[in-house]
Structures are given as C-alpha cells and as structure tokens.
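*Asks:* Next up is a structure, given as structure tokens.
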Amino acid sequence: MKSYGFVKVAAAVPTVHVANPKANVIQLENLINQAAAQGVRAVVFPELCITGYTCGDLFEKPLLLDCAEEALADLLRRTAKKDVVFLVGLPVRAASALLNAAAVCYKGEILGIVPKTYLPNYAEFYEQRWFTSAGQWAGTEVTLCGQTVPAGTDLLFKTAGYTFGVEICEDVWAVVPLSSQAALQGAEIIFNLSASNALTGKHAYVRQLVAQQSARLLSGYVYASCGFGESTTDVVFGGNALICENGTLLAASKRFSLEPQLITSELDVERLQNERQKNTSFRADSSHETAAPYETILINQPEITVKNLTRTISPTPFVPNGAALHDNCEEIFNIQTTALATRLTKAGISTVTVGISGGLDSTLALLVCAKTFDKLNLPRKNIVGVTMPGFGTTDRTYKNALALMKNLGVTQREISIQKACRQHFADIGHNEKKKDVTYENAQARERTQILMDVANQTGGIVVGTGDLSELALGWATYNGDHMSMYGVNAGIPKTLVRSLVSWVAAYESDKKTNAVLQDIIDTPISPELLPADKKGNIAQKTEDLVGPYELHDFFLFYFLRHGFGPAKIYFLARQAFGNKFTAVEIKKWLKVFFRRFFAQQFKRSCLPDGPKVGSVGLSPRGDWRMPSDAESSIWLNEVEKL
C-alpha cells in the first residue's frame, strides 16, 4: 500500500471579506493551492466561507446569492487541475428554500451538496431567519453553477483510500449528531464546516466536543471555524481549526490570528478501520440497519505515496510525555497496588515472597508490595525479599538488592543458588563449563523453586516480577521466572517499567532509597545468568541479545494495539526513531520480534494472573488468544521484502 493507510487532510481558516464572494474566492484558491502542494487529499473550509457567516439579512438579497454562485463557479475553474477535494460553505437556493450548505468539490465538479440540519436560533444566533433546515427540506438534488448534483445529509463520499461524511457546525452539538449515523454508514472521516464564535471557556469545550466525537465514532474529525474578517458588530470569531483522530488532537490552529491558516496532518484510516473491526460495541450499533442507506458518491482520486509524516509518532508509545507521565504513573502504580491488595485480601494472606535481583523488574515489584502493605496496614516485615546470588551476579546488583530491601524495611533473606545448581548439573550430567541454555535455565528454575518453597514456609504467595516485554519476546525461563502466584508487572512493558521506577524515586521514596533506585535505573538490563567480565561488570546484556526494548515495545504496541503488519510498523519506526536506529537495524530487530513472538506463545498460554494496566495485554484469559503452533511465515516474509 503506497499510503500505509494514511490520508493527509487539512482545515483552512481564510481571511473573510463579508458579503464579497469574489474577494473570498481568492483567499480560498490560495489555500487550496497550498494544500495541493503539500499533498493534502481533502481540505475543509469554514461555514458560509464564500460569503462570510455574518452577512445577516443580506442573505435575503438575490445579488449576494448570485455572486456567491458565480464565485464558486470561478473557484471550480481555477482549481480544476488540483488533485485535492475541497469543502466550502455557501448559501444555496433550492426552489423556495435557502440552504446553509457545504459544497464538496473536486477537479472542477461539485460532487454533492450537504445542507445544515440544526439551525441555531438562540442567544446570538438567528439562522432560522434566513435558512431552511435540511430536516424540513424535501429535495434530493440541487442545480448549482450549471451542475445538477445530489443534495442531502445522507451522502457519503468515497475515494480509493478513505470515505468521508459532512456536517455543519451545530449538527455536531445536537443530542444525536449527524456524524454518528454517517460513521455507522461507513464514513471514516468527518469534515465539519463551522462558524462558532469565541466566548470565554468555549474553546476548551469545542476541543473536547470534537475530540470526544472522533473517539465515539472511531473516526478522524476535521473541523474548520471562521476567523479574522468576519463582522465583529456583536461577536468575534477566533479561527478555530482542529484535526482529531479517535480522541487524540493531532493539529490545531493558532487562535485569533490575523493571517490565513492551513493546518494539516495525516489520519491513519487503516488504524480506524482496525479499531472498528474489533470494537464489538461499534459493530453492535444497529441503528444504521433500520435507516435508509446513504448514497455513496465515488471520487476518482488516486492514492498517493506517503514517504514522510508531519504528525508525531512517539518512539515510546507506552510512555506518555509531559504532565501526562506523572498522572499515568500514579494511576498505574495504584492499579498494581490495588490488584495485589485485592488478591491478598480475598485469599486471606498477609505475607508475600519476592525475588530481588537488583534489576528494574524486581525493584518495581518490591515497590508495589511495599505500597500495598502500607495500604493494608500490614507490616513491611511480612514482605520476604530473597536475593539469590548465582554465577553471574555482580557486586553492583547484589549491593543494590540488599540496600533496597533494607531501606524499604522488608525481611531480607540471602540464599545462594551456586551449590544447588552444581549439584543439579552433576545429577543430570551437565558440564558446568558448557555455558548453554541448560546452564542458564537451571539457575532460573532453581531461583523459582526457592521462592515457591519460601512462600510455603511463610504461608504467603510468590509475587512475580516479569514484565509485558519479556512475555512478548518469551525472554523468560519456562517454569522458571516465567511462573509465580501473581504477576504485578504482567501488563507493563519494559520502557514503562523504567519510567515507573523513576516516578517512585521522585515521589514515593526518601533520599537513601532514591539514590539506590537511580543506580538501579542506570544498570544495564541483564538476567545475570552468565559470569561477569574480568572487571566484575555485567557481561550478559539482554538488549545485545534480543535487541533494544525501545524498539520491541514499539513493535509490540503497533502489532497488538492496532494490528499493523511488518511493513507499516517498519515505516512508522523509521518516522519515530529518525537517525537513532538505521533502517538495517530496525529490519533486523523487527524480524527477531516476529520470530520470537510467534515461537514463544506457549509461555503466554499458561501465564499466572496479573493486572492489565493499559490498552495492550497478553493474558490468555484477556486480550490475547493465539494458538501456540501458529505459523509466522507470512509476517517474516513481509519483513524480508522490506
């Protein structure tokens, strides 16, 4: 697919000349030319932009209406060779009725006319004085600029890459917005031509309204409201333009600008289609089945290649930016602690056992346990932290594990696994010098056995430490660290684990604990199952073996959350990471991701219980049901073609 499912759209705010259509058309043409030059596929302008919204009783004058029609005809001629769909607002005569309407235009043709249904006639609005509502108008077509075209609110416009519907200003403020029915009929994008004046507090409400409507419809929503040049006799228009996708604001205009504006972004139509396909609530809404089907107008607009995106693709989709990071970390930490508190309360258990390695995952699990016991008014001494030095344990992680347990006030136990593992090697006839998977996994299983037995001794449960990224890659020893009695980190990817520990260090710890947590954050990720190097440093670094978690979490998010294939994920990764990773590196680790994800499903099929904290989960009882013997060939073949 040339476009990877992306459609570049725009919302334009021209400078308005009230009751001067000829001057307005010059503004519109300039913005249409800009849009076409930027590869925009469709651009929406404000309500009644050809005449100006604030013409008042001049809308009753035939001369203004004639000039508006002539201006549109002139605009069609001027833009006949531009490969961009544009939507403009103007008053349209339909027999004895005058419609406040949107004209959908492409390459010199009017494709359809969509009239406004809800005409505000309260406070500062008097639209019913001049216009007839679409709900009261019985027509199905109009003649405009010498063209007889379909007209009505029940029109869809379909191109090779996207389908859109149209509503005008107040129509989205209605109890049941017209765009709701359009979306159920198949519109993936809604364009709104608006004239919403600026009032204190209203802007925030409009942004919320548009974003929420796009979320409710699982759609793109492109909104353009009029700005500078409209009459300020009684009201002011701020030039509000918004582009939203499924609840997320992608682009917004600069309000109260005295210059024309064109805001653009790419809408991910493939993502929206996938969301609708799996959202049973969207599919279950059968109101469109009883309604008359919308007329679909085909637009012969070719799909174009998308090489770069102007919208931001975050390299860490699991980790929000700015103030949202603090709020999300607090929310997630509360989900984890509440989940564990519920499990302990329901089971009538007041002790837990946690393996403490001095790494990020076990640190987060221990912090969750400490906070949970505080919530339950249980002594932290009931948390048994067990450090189990092995053949690869370094002084750095060992000391951090001990310091963390001491600072948090939990019960400390140290049980070396070396002697037990050597006995086990002798029992099964394995040469200790052979540092293979048996050598590594024996240590992981020995540690799990110790934790399970200590939990039995104390009448508690083993709290697991494994995270979502490890589950995705299968980077866990089957029936070793893969197993526990409750996995508090099961829904948290590695990139988010680091952020959560940083958040706890900043907001939930004293100075001594903070210092330990900071060093743990700076420690390379490792299972420490192979001996340290000659300097005593970690030799076995996970990301050297399976690849950067930053990349794998990115792959995981877009594969599971949005269902994208390797080609699109690769394209998005190139956009998100820039020069941080080369194309060769991204392809290499993408192949590793898909190979491991499919091969390691058997480990995910028997996971312990654990809380889901975000939109992606791998529990076989929740989000992800996949046969362990599913083949990965079609995904790996697509990777090879990149």
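*Asks:* List the residue pairs whose Cβ atoms are under 6 Å apart, where the first residue sits in segment 303-329 and is touching a residue at least 12 places away in the same chain (Cβ under 8 Å), the second is surrounded by fewer than 18 Cβ atoms within 10 Å (Cβ to Cβ) and outside any helix (DSSP H, G or I), and the two are 6 or more positions apart or on different chains.
*Replies:* From segment 303-329, the pairs are Glu303/Lys2; Glu303/Ala160; Thr305/Lys2.
*Asks:* Can you find a residue that is surrounded by 14 or more Cβ atoms within 10 Å (Cβ to Cβ), under 24 Å from Phe157 (Cα atoms) and touching a Leu at 6+ places or on another chain (Cβ under 6 Å) anywhere in segment 299-318?
*Replies:* No, the conditions are met nowhere in segment 299-318.
*Asks:* I'd like to verify a number: residues in segment 392-412 that are of a type in the set (D, E, K, R) and over 18 Å from Leu364 (Cα atoms), how many?
*Replies:* Summing the residues that are of a type in the set (D, E, K, R) and over 18 Å from Leu364 (Cα atoms) in segment 392-412 gives 1.
*Asks:* Restricting attention to segment 289-298, and to residues there that are part of a loop (DSSP other than H, G, I, E, B) and either outside the structural domain of Ala183 (by TED's automatic domain parsing) or loosely packed, with under 12 Cβ neighbours inside 10 Å (or both), which single residue is modelled with the highest pLDDT?
*Replies:* Only one residue tops the list, namely Pro293.
*Asks:* Ile634 fails exactly one of the following numbered conditions: (1) under 29 Å from Ala442 (Cβ atoms); (2) more than 17 Å from the chain's Cα centre (by Cα); (3) not acidic (Asp, Glu). What is the number of that condition?
*Replies:* Tallying (1) under 29 Å from Ala442 (Cβ atoms); (2) more than 17 Å from the chain's Cα centre (by Cα); (3) not acidic (Asp, Glu), Ile634 fails exactly one: (1).
*Asks:* Related question: Among the residues of segment 550-570, what is the count of those that are surrounded by fewer than 22 Cβ atoms within 10 Å (Cβ to Cβ), closer than 21 Å to Thr316 by Cβ and among the hydrophobic types (A, V, I, L, M, F, W, C)?
*Replies:* Going through segment 550-570 one residue at a time, the tally reaches 2.
*Asks:* Within segment 456-485, which residues are hydroxyl-bearing (Ser, Thr, Tyr) and either in a loop (DSSP other than H, G, I, E, B) or buried (at least 22 other Cβ atoms within 10 Å of the Cβ) (or both)?
*Replies:* Listed by number, the residues that qualify are Thr465, Ser469, Thr477, Tyr478, Ser484.
*Asks:* Mind listing just one residue for me: the one in segment 1-17 that is at pLDDT 95 or above, out of contact with any Lys or Arg (no Cβ under 8 Å at 6 or more places or on another chain) and surrounded by 18 or more Cβ atoms within 10 Å (Cβ to Cβ) and, of those, nearest to Thr305 (Cα to Cα)?
*Replies:* Ranking the candidates gives Phe6 first.
*Asks:* Test each condition in (1) touching a residue at least 24 places away in the same chain (Cβ under 8 Å); (2) surrounded by fewer than 21 Cβ atoms within 10 Å (Cβ to Cβ); (3) more than 19 Å from Val172 (Cα to Cα) for Ala215 and report the one that comes out false.
*Replies:* (3)
*Asks:* If we keep just the residues of segment 121-136 that are surrounded by 15 or more Cβ atoms within 10 Å (Cβ to Cβ) and not aromatic (Phe, Trp, Tyr), which is nearest to Ser96 (Cα to Cα)?
*Replies:* Restricting to residues being surrounded by 15 or more Cβ atoms within 10 Å (Cβ to Cβ) and not aromatic (Phe, Trp, Tyr), the top hit is Thr132.
*Asks:* Check whether at least one residue in segment 94-111 is modelled with pLDDT under 95, in the same structural domain as Gln34 (by TED's automatic domain parsing), over 37 Å from the mean Cα position of the chain (by Cα) and at positive phi, and report yes or no.
*Replies:* yes
*Asks:* Taking segment 183-226, which residues are basic (Lys, Arg) and in contact with a helix residue (DSSP H, G or I) (Cβ under 8 Å, 6 or more places away or on another chain)?
*Replies:* Correct list: Arg216 only.
*Asks:* Among the candidates Asp374, Asp361, which residue alone is among the acidic types (Asp, Glu) and in contact (Cβ under 8 Å) with a residue 12 or more places away in the chain?
*Replies:* Asp361
*Asks:* Can you give me the number of residues within segment 197-212 that are surrounded by fewer than 22 Cβ atoms within 10 Å (Cβ to Cβ) and either in contact (Cβ under 8 Å) with a residue 60 or more places away in the chain or touching a strand residue (DSSP E or B) at 6+ places or on another chain (Cβ under 7 Å) (or both)?
*Replies:* Residues meeting the conditions: 3.
*Asks:* Please name all residue pairs, on different chains or six or more residues apart, with Cβ atoms under 7 Å, provided the first residue is in segment 614-642 and is free of Cβ contacts under 8 Å to residues at least 40 places away in the same chain and under 23 Å from Lys588 (Cβ atoms) and the second residue is surrounded by 10 or more Cβ atoms within 10 Å (Cβ to Cβ) and among the basic types (Lys, Arg).
*Replies:* Ser632/Arg595
*Asks:* Going by what's in this entry, would Glu259 be described as modelled with pLDDT of 90 or more, touching a Phe, Trp or Tyr at 6+ places or on another chain (Cβ under 8 Å) and either within 23 Å of Tyr106 (Cβ to Cβ) or β-branched (Val, Ile, Thr) (or both)?
*Replies:* Answer is no for this residue.
*Asks:* When both residues are 6+ apart or on different chains and their Cβ atoms are under 7 Å apart, which pairs have a first residue that lies in segment 503-517 and is within 23 Å of Asn321 (Cβ to Cβ), and a second that is outside any helix (DSSP H, G or I)?
*Replies:* From residues that are within 23 Å of Asn321 (Cβ to Cβ), the pairs are Leu517/Ser509.
*Asks:* Give segment 419-448 a look and list any residue that's surrounded by 15 or more Cβ atoms within 10 Å (Cβ to Cβ) and either farther than 19 Å from Thr393 by Cα or not hydrophobic (A, V, I, L, M, F, W, C) (or both), or say none.
*Replies:* His424, His430, Lys435, Tyr439, Glu440, Asn441, Gln443, Arg445, Glu446, Arg447, Thr448
*Asks:* Please work out which residue is farthest from the chain's Cα centre (by Cα), limiting yourself to segment 239-257 and to residues that are in contact (Cβ under 8 Å) with a residue 24 or more places away in the chain, within 23 Å of Thr310 (Cβ to Cβ) and outside any strand (DSSP E or B).
*Replies:* Residue satisfying both the conditions and the ranking: Ser257.
*Asks:* What are the residue pairs meeting all of these: first residue in segment 103-126, first residue in contact (Cβ under 8 Å) with a residue 12 or more places away in the chain, second residue of a type in the set (Lys, Arg) and crowded, with 16+ Cβ neighbours inside 10 Å, Cβ atoms under 8 Å, and 6 or more apart or on different chains?
*Replies:* Lys107/Lys82
*Asks:* Turning to a different aspect of this structure: Only one residue in Gly220, Gly165, Gly186 is within 24 Å of the chain's Cα centre (by Cα), closer than 26 Å to Glu127 by Cα and assigned by TED's automatic domain parsing to the domain that holds Ala284, so which one is that?
*Replies:* Gly165
*Asks:* Only one of Thr316, Thr351, Thr342 is within 25 Å of the chain's Cα centre (by Cα) and not aliphatic (A, V, I, L, M); which?
*Replies:* On inspection, the qualifying residue turns out to be Thr316.
*Asks:* Look at Gly56 and say whether it is at pLDDT 95 or above and either over 15 Å from Leu87 (Cβ atoms) or surrounded by fewer than 21 Cβ atoms within 10 Å (Cβ to Cβ) (or both).
*Replies:* no
*Asks:* Kindly indicate which of Ala187, Ala224, Ala183 is part of a helix (DSSP H, G or I) and either buried (at least 16 other Cβ atoms within 10 Å of the Cβ) or in contact with a strand residue (DSSP E or B) (Cβ under 9 Å, 6 or more places away or on another chain) (or both).
*Replies:* Ala183
*Asks:* A follow-up question, please. Name every residue in segment 486-508 that is assigned to a loop (DSSP other than H, G, I, E, B), out of contact with any Asp or Glu (no Cβ under 7 Å at 6 or more places or on another chain) and not small (Gly, Ala, Ser), in order of residue number.
*Replies:* Within segment 486-508, Val488, Glu508 meet the criteria.
*Asks:* Residues to consider are Ser281, Ser214; find the one that is of a type in the set (Ser, Thr, Tyr), in a helix (DSSP H, G or I) and over 30 Å from Leu90 (Cβ atoms).
*Replies:* From the options Ser281, Ser214, the qualifying one is Ser281.
*Asks:* Moving to a separate point now. Using the structure shown, decide if Ala37 is surrounded by fewer than 22 Cβ atoms within 10 Å (Cβ to Cβ), within 29 Å of the chain's Cα centre (by Cα) and not polar (S, T, N, Q).
*Replies:* In short, yes.
The values are calculated or read from the model by the stated rules, or taken from the named source; none is laboratory data. Only a predicted model underlies this, so the values are computations on that prediction, with no experimental measurement involved. Please note: Cβ atoms are built from the backbone with ideal geometry, for glycine as well, and neighbour counts cover all protein chains shown.
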